[in-house]
Structure formats: C-alpha cells, structure tokens
C-alpha cells in the first residue's frame, strides 16, 4: 500500500469515526432533553418556571438538530475540498490564470476563504434570523448584519493578508526551520492583537460607554482593589443591538485591560449579582487561567507548525487529500489549507480533554467568587443567566463531557454548596 493511499484511508476513517460519535452525541442530547422537558428538576422547582424550562429544552433541541445539519454539510464540504478535488481544481485554475508565485498563493487563500464563507452563509443566516429569532434572542437587523459582514471581511483582509504573506515568505525562504519562525511570528501577532483589540478593533463593531452607575462602579472598584486587579476602565457594551444574550468579560493585555459589561447583563442582574459575576471573571485571572490557556494554545500551535513543517515536504500529504502538488513551484498555500482542513479531523477527540480543563477552571473561578462576594448573589446570577440564555437544566451527561466548556447549573450550584431554592 502506498503512503498516499494509507493517508487517504486514515483521513477517511478518522472523519467517519468523528461523524459517528458526534451524531450519536447529538441524538443522546435531543432524547435526554426531550425526556425531561415536561418537568422542572426538583432542585429548581421553586426558582424556574415550567414555561422557562420548556423554552430552554426546545431551544437546546433546536440547536442540536441544527448542529447535526451543520455537521453533515461541513463533512460534505470538507470532502468536496479534499478527496473530491475541489481545492485541486481551484489551485490549478489560479495557476493557469496567474502563474506560480506569491500572488497566486495569496489568491488561493483568499478564494478559499470567500468560497468557504459563501458555502456557510445559508447556515449563518438561518441560525441568526430563524433559530435565534424564533426564541427571541436575535436583535440583529439585516442592515447591521451586512455592515458587520463588510467590516469583518475588510478587517480580515487588513490583518490576515500581511500575516499570510509573512508566513508564506518564511515557508519559502527560511529553510527547513521555517515552521519555528512562522510560529514565532504568529505568536507575536496574536500578542499584539491583545493590545490593539480593545481600542482599535472592538469599537468598529460595538459602542463602549463608560459605566455610569456610581453605586455599581464603587462596588466594582472596591472588589478589584480587594483582589489586587487593575483595569484601564469599566465599560458598557451595546450587546442588545445584536442579541438578548448577556455576558461580561475582560479584554486587553497588561495595562490595557478593560472590564466590559453587556448592557443586557446590567438590565438583568442586581448590583450584587453583577459584582459576583465579575468576581468569577477575576477568579480566572487570580488562578492565572488566561495565561495558562495562552501558554497551552501557543504550545499546541508550535506542535502543529512542527507537524506541518514535516508533512508539507512529502508528496503523499497532498495526493492523499486529493491534491496534485505543483512540481515546479511552491505549494506553501496548499500545505496551509490542507493542514487546516485535516487537523480537526484527526484531533476531534482532543475536545473532551479541553472541555474538561475548562470546566475545572470554571469551578475554581466560582470558588474564588464565593470567597470574595456573596455566594447567594452568584447563585442567583447564574440562575438568571441560565434562564435568560435558555440553557437547559437537563443536558445529557455524555454530551456535557464532550462539549461543555462550562459545567451545568446543577453541578455549579452543588459545588458552591448553594441550593437553587435559596438563590
């Protein structure tokens, strides 16, 4: 058996296995949630209405079924790009039109991105304007959606094209160790984005106003002082322009850190509950979860670049994924795209491990918040957020282990020692 055929078979087997597992998990999730739809769990009977519980169940089931369609379509598109020859056809067409060189390689990346975006567009629109609209979460207008799409595309070109050109140049000029230099360039670029995101990029899409509630501002400042945390400012973001979902987050890096509250969050929670949610986010910083995740991400990306540096030198990597490499010119853009397409197929079972690590971090952040603020406020805030975001209280345990980055409400409240009734 040739190396090319062996790689094709390995890719196909991994893809089928991943699809089978994901379809099975989605089926379990739908059946489990539907089975518990008509009765609020006893622990939440005093705090969550049956109507709210059923809305969460229906929303969860609708998302799971939509996810199955997305999964099937994504697999079909993946096969179309790879084994069925789509990427090979696109590459040859651009070679015939532009010839070999940096321009053709950048054009291949751009064309792939645009075509991929168009192929995913029906699902994006359906999710926003049908699924989210159906459950009362979408606040996005067509005009705003189009403006976001245009700005996102232009921003992607401004940021992505120079980085792509740099990586392609390194692949062609830096020798066998190009992958190390490319990883260093990407890491530096990602760190730079952490500095410019709050002040230059985020305001292109949302309005950020200083927090004006003096009482809440005093409580938040006192909390951050107790926790030894410094931020450049407290801001309210107009999240309600796009969605009814609520959130709060930190953004930026070093002295450029900002605390951002969605306006929907401030409308839904009391001052004490907002303080408790913020304390949870501070817990992530106190336990250095953000730094640890960045280190892990950079480590994994280094390993990925090393693997890419190896497979890109072998013809079987291209032919095994349905592409005939250019024998007289560079194949660097092809290598990047094929690697990007193949990696998720072979690493699908890494997701449960990452999800488990994330859930562990959430428990630690909850514990920190309870130590710094009122555990009752945090419990009440979590219940409101679960209810307002229509998060099911009865997810399938296996689905949770594979996908959930945050623990279910029952597990979080139990770990905090709080009862839903008390919240």
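What the table below lists for this structure:
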| item | result |
| --- | --- |
| Test set (1) crowded, with 16+ Cβ neighbours inside 10 Å; (2) under 30 Å from residue 274 (Cα atoms); (3) modelled with pLDDT of 85 or more - residue 218 fails condition number | (1) |
| Test set (1) closer than 26 Å to residue 249 by Cα; (2) more than 19 Å from the chain's Cα centre (by Cα); (3) assigned to a helix (DSSP H, G or I) - residue 152 fails condition number | (2) |
| Candidate set: the stretch 194-211, residues that are free of Cβ contacts under 8 Å to residues at least 12 places away in the same chain and surrounded by fewer than 14 Cβ atoms within 10 Å (Cβ to Cβ); chosen: the one farthest from residue 272 (Cα to Cα) | 200 |
| Residue list for the stretch 257-286, restricted to those being surrounded by fewer than 20 Cβ atoms within 10 Å (Cβ to Cβ) and part of a loop (DSSP other than H, G, I, E, B) | 257, 270 |
| Residue within the stretch 84-106 that is surrounded by 15 or more Cβ atoms within 10 Å (Cβ to Cβ), farther than 28 Å from residue 330 by Cβ and in contact (Cβ under 8 Å) with a residue 24 or more places away in the chain present | no |
| Test: residue in the stretch 68-77 that is over 28 Å from residue 121 (Cα atoms) and free of Cβ contacts under 8 Å to residues at least 40 places away in the same chain | no |
| Residue ID - modelled with the highest pLDDT, chosen from residues in the stretch 41-51 that are under 20 Å from residue 397 (Cα atoms) and under 30 Å from the mean Cα position of the chain (by Cα) | 41 |
| When residues of the stretch 225-256 are limited to those that are at pLDDT 85 or above and more than 25 Å from the chain's Cα centre (by Cα), the one surrounded by the most Cβ atoms within 10 Å (Cβ to Cβ) | 226 |
| Which numbered condition residue 11 fails, given (1) touching a residue at least 60 places away in the same chain (Cβ under 8 Å); (2) within 30 Å of residue 386 (Cβ to Cβ); (3) surrounded by 19 or more Cβ atoms within 10 Å (Cβ to Cβ) | (2) |
| Any hit, the stretch 137-146, residues being at positive phi, outside any helix (DSSP H, G or I) and touching a residue at least 12 places away in the same chain (Cβ under 8 Å) | no |
| Residue match in the stretch 123-140 (condition: surrounded by fewer than 13 Cβ atoms within 10 Å (Cβ to Cβ), over 30 Å from residue 387 (Cβ atoms) and under 22 Å from the mean Cα position of the chain (by Cα)) | no |
| Any pair with Cβ under 6 angstrom, 6 or more apart, that starts in the stretch 32-46 at a residue that is on the phi < 0 side of the Ramachandran plot and exposed (fewer than 14 other Cβ atoms within 10 Å of the Cβ) and ends at one that is modelled with pLDDT under 95 and in a loop (DSSP other than H, G, I, E, B) | 46/421 |
| Matching helices (runs of 4 or more DSSP H) fully within the stretch 330-423 where at least 1 residues are touching a helix residue (DSSP H, G or I) at 6+ places or on another chain (Cβ under 6 Å) and within 24 Å of residue 183 (Cα to Cα) | 332-346 |
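The values are calculated or read from the model by the stated rules, or taken from the named source; none is laboratory data. Since the model is a prediction, treat every value here as computed from it, not as a measurement. Note: ideal-geometry Cβ built from the backbone for every residue, glycine included; neighbour counts use all protein chains shown.
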